[in-house]
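The values are calculated or read from the model by the stated rules, or taken from the named source; none is laboratory data. It should be emphasised that the depicted structure is a prediction, and the values quoted were computed from it without experimental measurement. Cβ placement follows ideal geometry from the backbone for every residue including glycine, while neighbour counts extend to all protein chains displayed.
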Amino acid sequence: MLFKISLPVLAAIFFTACNHNGNEQPIGSKAPEQASIPAPAKGLQIKDDKLHALFQQYEQLTAALVKGDMTAAKIAANAIQVGAEQVNNGHGVADAARKITTAADVDAQRNSFVALSKDMITLVKQSGLKSGVLYVDFCPMAQQDKGAHWLTRNKAIENPYFGEQMLTCGSVQETLQ
């Protein structure tokens with residue numbers, strides 16, 4: 001009798017599991033956020049191809065810091081460290097990226113991001129752009145009100161130095177074309 005009752009239940013479970021297409025989220029989990037991985041820099045091309053590849057990792061790092069995602073920041077910084085060794089004058093970027101990979105917390109990562117961004121901005125300006133636009137953004141409150149810059153292809157401010165605490169704090173200081 002128990003077998004006759006449990007057989008249809010097991011069959012229903014089996015068919016439901018087999019028809020699972022992977023789109024459902026587990027109960028209580030969050031859907032992936034759109035901003036977690038920046039889209040490829042459409043229309044943007046930095047003249048130095050190696051620096052262009054490095055910038056794509058820089059965007060990943062920036063997005064991770066905006067979200068306060070320490071693990072994603074370490075992964076992106078590791079890729080930046082490796083890639084920066086292949087770029088002319090990329091030693092400062094590599095050193096700052098190494099500090100991000102070994103940082104104890106997201107605040108320490110953000111502090112190292114200041115130097116990394118400064119060097120990235122310098123390298124991009126030296127190389128120039130083949131196409132597209134980049135913005136040099138500035139947060140006056142970063143580094144205990146000393147201020148700090150970062151590089152982005154989006155005109156809208158998403159502050160990597162404070163993340164959700166002050167997401168839109170900052171302004172576009174310069175446009176690179």
Tally the residues that are within 23 Å of Asn89 (Cβ to Cβ) and not charged (D, E, K, R), restricting the search to region 41-72.
15
Apart from one, (1) in a helix (DSSP H, G or I); (2) over 21 Å from Lys50 (Cβ atoms); (3) modelled with pLDDT of 95 or more all hold for Glu164; the odd one out is (3)
Close pairs from region 63-84: first on the phi > 0 side of the Ramachandran plot and small (Gly, Ala, Ser), partner modelled with pLDDT of 95 or more and part of a helix (DSSP H, G or I), Cβ under 6 Å, at least 6 apart
Gly68/Val106
Please state which one of Ala148, Ala104 is closer than 23 Å to Asn78 by Cα and either hydroxyl-bearing (Ser, Thr, Tyr) or surrounded by fewer than 15 Cβ atoms within 10 Å (Cβ to Cβ) (or both).
Ala104
Within the group Ser117, Ser131, Ser112, which residue is touching a Lys or Arg at 6+ places or on another chain (Cβ under 6 Å) and of a type in the set (Ser, Thr, Tyr)?
Ser112
Which one of the conditions (1) under 21 Å from Ala77 (Cβ atoms); (2) outside any loop (DSSP other than H, G, I, E, B) does Asn159 fail to meet, given that it meets all the rest?
(2)
